[in-house]
Each structure stands twice: as C-alpha cells, then as structure tokens.
Amino acid sequence: MRITKAIKQQMLSILEECYQGTSTALHYSSPFELLIAVVLSAQCTDERVNIITARLFPEYNTPAKIRDMGKDKLEEYIRDCGLFHSKARNILATCEILCQKYGGEVPQTFDELITLPGVGRKTANVVLSQLFNIPAIAVDTHVFRVSNRLGLAKGETPIAVEEGLMKAIPKSQWSDAHHWLIWHGRKVCKARKPACGTCPLVAICPSKYI
C-alpha cells in the first residue's frame with residue numbers, strides 16, 4: 001500500500017478527531033517539575049513517574065532543593081524508576097547547572113536544553129512544546145512505533161522519524177500531532193497487541209493486523 005501525501009493528511013485528520021485536546025500524562029506544576037518528570041520517564045511509564053513525583057515534588061520542587069538532597073537521598077525517592085542510579089546523577093548535575101547558569105530557571109532553547117545532563121532531543125522537544133509553545137515533535141517509543149506502522153514517517157532511528165514527521169505534518173500541528181500519536185500508541189496501536197479491529201485508521205493502515 002502506497003502512503004501518499006493525501007493519505008497522510010487523512011490519517012492526521014482522523015487522529016485529530018480522536019485525540020484533539022490531549023496533552024502530556026505527566027503531572028507537573030512548574031517548568032522545572034516537567035523537566036524532571038520527562039527525564040525520569042525514559043524507559044519508565046508515565047504512571048510510574050507520576051507516583052514518584054507525587055512523593056518527590058511536594059518537598060523537593062526546585063533545582064536548589066533537589067541538588068541539596070544529594071545522590072543517596074534522591075536515589076531513595078526515585079528507586080522504583082528504571083535506571084535510577086544514572087537518572088539521579090544526571091538530575092543532580094542538571095540542577096547544579098540550572099542553579100549556577102540559569103538562576104534556577106529552565107532554559108527556553110533547544111541548544112541550551114540538550115547541554116543539560118540526561119536531556120536529549122526527546123526531552124528538549126517535550127519541554128519546548130509543552131512549556132513554551134514552540135512547535136516541536138518529540139519522538140518517544142509510541143511515536144516511533146505508530147509513525148512507522150502507519151507509514152506516516154519511516155525510519156530506523158528516532159531522529160529519522162522526527163525528520164520524516166516534520167515533513168509530513170504542517171508545522172502548526174507538530175506539537176499537537178505528537179500527543180495524538182502518543183495517545184494512539186497507548187490506547188490502540190500497542191506494541192504487542194495492536195487493536196486493529198477497533199482502530200479508526202484500519203482502512204488506510206499498511207500494517208493492519210500485523
């Protein structure tokens with residue numbers, strides 16, 4: 001099945017109809033809290049991250065407060081998160097940089113964000129899109145899987161898929177489409193057992209009933 005530009009637009013229209021108004025599932029009340037939550041979310045579900053941040057943020061919700069916790073104490077708070085040793089190390093280093101270089105604030109450019117330890121393209125794009133309304137497409141495991149299955153953007157790496165999506169989707173929809181693809185991956189196009197029988201895209205999906 002050849003996925004034309006017209007079919008891609010049809011896919012986006014259906015996704016928008018199904019998931020319009022969706023946003024991140026991560027709980028946060030400040031730019032810094034979202035940054036930390038996204039760092040924690042690598043190889044960890046949003047549900048688990050929300051449990052962790054619910055006990056962390058009420059008391060430790062600024063770069064200075066988390067920096068002053070120290071590695072052992074921070075690890076105790078995030079121990080049930082995957083890769084908690086390296087995440088604690090990166091979070092503490094990021095908090096130190098935020099305190100020393102940015103006055104405790106989260107920087108608002110991609111180039112600045114990716115210099116922070118533990119912050120890659122995905123995290124930077126989430127922060128830019130969610131907090132600062134800067135058009136961006138963050139490619140997580142759901143976006144990567146759904147984009148490839150639909151043929152909306154093919155690629156063997158997240159950056160290849162990101163570049164493909166930027167070409168396929170109008171810039172004004174980048175941030176919203178990121179959420180549409182995530183929620184479709186969570187609710188319908190799941191990794192192990194995609195629910196093709198109830199998928200609103202089944203008629204135009206080249207990977208249906210895989």
Note to self: Residue under question is residue 192, and the condition is that it be charged (D, E, K, R), in a helix (DSSP H, G or I) and open to solvent by 20 Å² or more (accessible area, probe 1.4 Å); does it hold?
What the structure shows: no
Next item on the list: Report yes if residue 85 is within 17 Å of the chain's Cα centre (by Cα) and part of a helix (DSSP H, G or I), otherwise no.
Entry: no
Notebook entry, point to check: If you go through the range 1-16 one residue at a time, how many are in a helix (DSSP H, G or I) and in contact with a Cys (Cβ under 9 Å, 6 or more places away or on another chain)?
Noted result: 1
Notebook entry, point to check: How do the helices (runs of 4 or more DSSP H) wholly within the range 17-70 filter down when requiring 1 or more residues that are under 20 Å from the mean Cα position of the chain (by Cα): which remain?
Noted result: 31-40, 46-56
Check: Which is of a type in the set (A, V, I, L, M), out of contact with any His (no Cβ under 7 Å at 6 or more places or on another chain) and surrounded by fewer than 18 Cβ atoms within 10 Å (Cβ to Cβ), of 1, 11?
Finding: 1
Check: Taking the condition free of Cβ contacts under 8 Å to residues at least 60 places away in the same chain, over 16 Å from residue 56 (Cβ atoms) and either open to solvent by 10 Å² or more (accessible area, probe 1.4 Å) or in a helix (DSSP H, G or I) (or both), does residue 107 pass?
Finding: no
Check: Inside the range 117-179, counting only helices (runs of 4 or more DSSP H) that do not spill past its ends, which hold 3 or more residues that are modelled with pLDDT of 95 or more, open to solvent by less than 60 Å² (accessible area, probe 1.4 Å) and within 23 Å of residue 206 (Cα to Cα)?
Finding: 141-150, 158-168
Item checked: Identity of the residue in the range 45-87, without any contact (Cβ under 8 Å) to a residue 12 or more places away in the chain and in contact with a helix residue (DSSP H, G or I) (Cβ under 7 Å, 6 or more places away or on another chain), that ends up surrounded by the fewest Cβ atoms within 10 Å (Cβ to Cβ) -> 85
Notebook entry, point to check: Mind checking which residues of the range 169-210 are polar (S, T, N, Q) and either within 20 Å of the chain's Cα centre (by Cα) or under 27 Å from residue 125 (Cα atoms) (or both)?
Noted result: 172, 173, 175
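The values are calculated or read from the model by the stated rules, or taken from the named source; none is laboratory data. Worth saying up front: this structure is predicted, and the values here are computed from it rather than measured. Because the Cβ atoms are built from the backbone with ideal geometry, glycine has one as well, and the counts that use them run over all protein chains shown. Areas reflect the complete protein model, heavy atoms only, side chains present, ligands, DNA and RNA absent. Shrake-Rupley method; radii C 1.70, N 1.55, O 1.52, S 1.80 Å.
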